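What follows is a short report on a single structure.
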Amino acid sequence: MTKDESFRGIKISFVNLFFTVLTGIVFCFILLISNNVKNRFNDVNDSMSKFIICQQSSEKIKESANYLTEQARLFVVTGSREHLDSYLKEYLETRSQQKAFRELEKVCSKSDLALQRLRIALEQGNGLIEMELYAMRLVCEAMQEKDLPTAISKIAIGDLDKSSSPQEMKETAINNLFGDGYMIYKLRLNSNCQLTVAAIEQQIKKDLNMNADQLGSNIRRLRVLFFVLLIVNVFIFIGFGFLVILPLGKFRTSIENDEKLDVIGSLEFKSLAESYNEIYEIKAQNEKSLLKKAEYDGLTGILNRRAFDQICETSAQKEQKIALLLIDMDNFKNVNDTYGHLGGDNALKSLAAALSETFRDTDYVARVGGDEFAAILPNCDASAANAIKKKIERINKRLSQLAEHFVSVSVGVAFSDNGFSKELYDKADKALYMVKERGKRGCEVYES
């Protein structure tokens with residue numbers, strides 16, 4: 001492509017590629033930001049799940065510790081074996097505290113403060129269990145229970161406790177579970193559980209604030225990208241309209257009207273229009289050439305019989321003033337006999353040239369036969385009769401100056417106010433016949 005060609009227009013293929021790539025890039029950014037938004041929501045969801053699990057785990061540890069405390073106290077006070085069995089079932093089988101801690105381990109890392117505090121709370125709970133088991137062992141010893149559960153029988157009470165009376169053992173057990181030492185352990189456990197919930201709540205607030213900031217930034221970016229997409233679509237619509245739709249509409253109208261195409265639109269459409277216009281020019285020239293061959297006499301170059309008949313037909317449909325001239329060349333046979341066909345052709349050419357040059361450009365002069373000519377003079381009435389006769393005289397004078405031919409013309413003229421008709425032709429023919437009867441070489445106007 002030359003330098004001039006590069007500025008002729010924009011390639012629609014280039015525009016399509018440009019906007020496709022631009023749209024693809026924008027969509028990639030939208031996907032990336034959307035994925036980031038999704039991750040932020042997942043983080044928020046994970047944080048909320050973590051908070052719920054942590055809260056539930058803390059509550060379960062407190063509830064389990066309170067339940068064990070309740071059953072241990074009831075046993076040391078009442079001595080009912082039912083409470084001992086309930087205690088051991090929770091401690092050995094249900095194991096709510098251990099299960100709650102394992103649930104929290106699934107969602108917390110080892111460095112999480114919440115997990116560390118809950119581990120401390122669990123250790124404190126184990127300390128309480130040891131105190132409770134020791135107190136219940138004392139009560140069992142005071143009651144002289146022989147069939148003790150393994151977990152209770154393994155608890156050592158020491159020689160001092162064994163020498164004590166059953167009443168003293170029971171009082172010692174009650175003091176252990178209701179004393180200040182036990183309550184301090186209990187308060188610490190509850191405090192650590194509450195601190196665990198507070199720690200995870202603080203962490204969640206921090207995560208939520210951070211995620212909220214990132215979500216806000218991503219939403220702003222998405223708005224910008226969607227605005228860019230809107231602008232891109234507007235430019236695509238406008239560009240497509242000017243480069244494709246508008247040219248196609250104008251091309252269609254021009255083709256329907258058999259006109260050349262405007263060189264507009266994209267480079268491809270401009271090239272198409274230029275190619276079409278070249279073909280249109282060639283076609284027009286060919287049609288003009290064919291039309292000339294069809295409507296003009298090949299020898300004389302003036303209108304032929306076919307064209308003259310079409311002019312007469314058109315004139316018959318109009319109400320206009322015209323003059324019809326029927327023109328015959330005199331002595332044409334003698335010219336052919338004396339000078340041959342070449343001489344006859346030259347005489348016909350000379351007469352055609354004289355007629356064309358004498359009459360107006362708006363008049364129609366035609367060769368309608370071998371040596372027969374005719375003319376239609378639009379916007380002409382009987383007042384022009386003398387002017388027509390003088391023109392015929394000039395033509396005859398001009399023809400007489402051709403020494404090699406010795407030809408002249410006889411002309412019959414008729415006028416009409418309503419265009420061409422068969423009656424007008426007959427009148428002009430009668431006027432021509434009158435000229436022939438008088439000896440040829442002249443002009444006669446038909447008069448009723």
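The values are calculated or read from the model by the stated rules, or taken from the named source; none is laboratory data. None of the values given here were measured: they were computed from a predicted structure. In this analysis, Cβ positions are derived from the backbone assuming ideal geometry, glycine residues included, and neighbour counts consider all displayed protein chains. Accessible surface areas use protein heavy atoms only, side chains included; no ligands, DNA or RNA. Shrake-Rupley method; radii C 1.70, N 1.55, O 1.52, S 1.80 Å.
How much of the pair distance distribution for region 333-440 lies past 16 Å, counting alpha-carbon pairs only, in percent?
62
Give a quick list of trypsin sites (Lys or Arg not before Pro) in region 358-395 that DSSP marks as loop, anything other than H, G, I, E or B, with at most 14 other Cβ atoms within 10 Å.
Details: sites: R360, R367, K389, K390, K391, R394; in loops: R360.
Here the sparse-neighbourhood loop sites are R360.
Probe radius 1.4 Å, ligands and nucleic acids left out: which of H83, H341 has the largest accessible area, and how do the rest follow? Can you show the working numbers first?
Numbers: H83 40, H341 145 Å².
The most accessible residue leads, giving H341, H83.
Find, among the trypsin sites (Lys or Arg not before Pro) in region 143-222, those assigned to loop by DSSP (not H, G, I, E, B) with at most 15 other beta-carbon atoms within 10 angstrom. Please list the in-between numbers first.
Working: sites: K146, K154, K162, K170, K186, R188, K205, K206, R220, R221; in loops: K146, K154.
When the trypsin sites (Lys or Arg not before Pro) of region 143-222 are filtered for loop state and at most 15 Cβ neighbours within 10 Å, K146, K154 remain.
Specify which residue in the list S49, F101, M131 is farthest towards the positive end of the charge dipole of region 14-154, using unit charges on the beta carbon of Lys, Arg (+1) and Asp, Glu (-1), about the Cα centre.
Towards the positive end, the residue furthest out is S49.
Quote the FRET efficiency, to the nearest 0.05, computed for L208 versus T94 with a Förster distance R0 of 30 Å and r equal to the Cβ-Cβ distance. Walk me through the numbers on the way to the answer.
On the way: r = 35 Å, r/R0 = 1.15.
Efficiency, rounded to the nearest 0.05: 0.30.
Among the listed pairs K318/K390; K60/K154; K318/K422, which are separated by more than 21 Å between their Cα atoms?
Values: K318/K390 28 Å; K60/K154 27 Å; K318/K422 14 Å.
In this structure, K318/K390; K60/K154 exceed 21 Å between Cα atoms.
Tell me which of A114, Y364, G239 sits at the most positive position along the dipole axis of the chain, charges placed on C-beta atoms (Lys, Arg +1; Asp, Glu -1).
The residue sitting farthest along the positive end of the dipole is Y364.
Tell me the label-point distance for the pair L342, K38, using the 7 Å Cα-to-Cβ offset, in nm and rounded to one decimal.
9.8
Cross-link candidates for K260: which lysines have Cα within less than 23 Å, leaving aside residues fewer than 8 places away along the same chain?
By straight Cα distance, K260 reaches K11, K250, K270, K283, K288, K292.
For region 50-146, give the magnitude of the charge dipole about the Cα centre (Cβ charges: +1 Lys/Arg, -1 Asp/Glu; no others), in debye to the nearest 20. Please report the intermediate quantities before stating the final value.
Details: 15 positive and 15 negative charges, 75 e Å.
It comes to approximately 360 debye.
Take every DSSP beta bridge with both residues inside the chain and express the antiparallel ones as a percent of the total, to the nearest 5. Before the final figure, lay out the partial values.
On the way: 21 of 26 bridges.
Beta bridges within the chain, antiparallel portion: roughly 80 percent.
Could you work out what % of the accessible surface of the chain is carbon and sulfur, using a 1.4 angstrom probe and leaving DNA, RNA and ligands out of the count?
Solvent-exposed carbon and sulfur of the chain make up 54 percent of the total.
Using DSSP to call loops (not H, G, I, E or B), can you name the GluC sites (Glu not before Pro) in region 269-371 whose Cβ has at most 11 other Cβ atoms within 10 angstrom? Could the numbers behind the result be given before it?
Details: sites: E274, E278, E281, E287, E295, E313, E319, E357; in loops: E319.
Passing sites in region 269-371 are E319.
Would you mind calculating the gained length between D429 and Y276 on full extension (0.36 nm times residue separation, minus the Cα-Cα distance), in nm to one decimal? Each step should come with its number before you reach the end.
On the way: separation 153, 0.36 × 153 = 55.08 nm, distance 5.00 nm.
Stretched out fully, the D429 to Y276 stretch lengthens by 50.1 nm.
Can you give the accessible area of K333, probe radius 1.4 Å, in Å² rounded to 10?
Rounded to the nearest 10, that gives 140 Å².
Return the distance in nm (one decimal) between the two label points of a simple spin-label model at F237 and A353, each offset 7 Å from Cα along Cα→Cβ.
Modelled inter-label distance: 6.9 nm.
Rounded to the nearest 10 Å², what accessible area does V413 show when all protein chains are kept and the probe is 1.4 Å?
0
Taking only protein heavy atoms and a 1.4 Å probe, what accessible area per residue, in Å², does the chain have with all protein chains in place?
On the way: 26400 Å² over 448 residues.
Per residue, the chain has 59 Å² of solvent-accessible surface.
Per the helix-only calculation at 222 nm, which mean residue ellipticity applies to the chain, given -39500 (n - 2.57) for every DSSP H run of n ≥ 4 and division by its residues, nearest 500 deg cm²/dmol?
Dividing the helical sum by the residues of the chain leaves -24000 deg cm²/dmol.
Semi-axes, largest first, in whole Å: what does sqrt of 5 times each Cα gyration tensor eigenvalue give for region 68-158?
Numbers: eigenvalues 186, 30, 22 Å².
Calculated on Cα positions only, the semi-axes equal 31, 12, 10 Å.
Once R0 is set to 35 Å, what does the formula 1/(1 + (r/R0)^6) return for the Cβ-Cβ distance between K390 and Q285, expressed as a FRET efficiency to the nearest 0.05?
Details: r = 40 Å, r/R0 = 1.15.
Efficiency computed from Cβ-Cβ geometry: 0.30.
Fully extended, how many nm does the chain gain between S421 and K106 (0.36 nm per residue separation, minus their Cα-Cα distance)? Mind dumping the intermediate values first?
Details: separation 315, 0.36 × 315 = 113.40 nm, distance 11.27 nm.
This chain segment gains 102.1 nm when fully extended.
Starting from 0.36 nm per residue, how many nanometres of slack lie between S49 and E313 once their C-alpha separation is accounted for? Intermediate values should be presented prior to the final figure.
Values: separation 264, 0.36 × 264 = 95.04 nm, distance 9.86 nm.
Answer, rounded to one decimal: 85.2 nm.
Put Y182, Y433 in order of accessible area, largest first, 1.4 Å probe: what do you get? Please report the intermediate quantities before stating the final value.
Numbers: Y182 5, Y433 135 Å².
These residues rank, largest area first, as Y433, Y182.
Whole-Hz ³J(HN,Hα) for each residue in region 118-129, computed from phi via Karplus 6.51 cos²θ - 1.76 cosθ + 1.60 with θ = phi - 60°, x for glycine and proline: what do you get?
With coefficients 6.51, -1.76 and 1.60, one gets 5, 5, 4, 4, 5, 5, 5, x, 5, x, 4, 4 Hz.
Charges at C-beta only: +1 for Lys and Arg, -1 for Asp and Glu. How large is the resulting dipole of region 183-261 about its Cα centre, in Debye rounded to 20?
Numbers: 10 positive and 6 negative charges, 110 e Å.
Magnitude of the dipole: close to 520 debye.
Over 44 Å apart: what share of the alpha carbon pairs of the chain falls there, rounded to a whole percent? Please list the in-between numbers first.
Values: 62497 of 100128 pairs.
So the pairs more than 44 Å apart make up 62 percent of the total in the chain.
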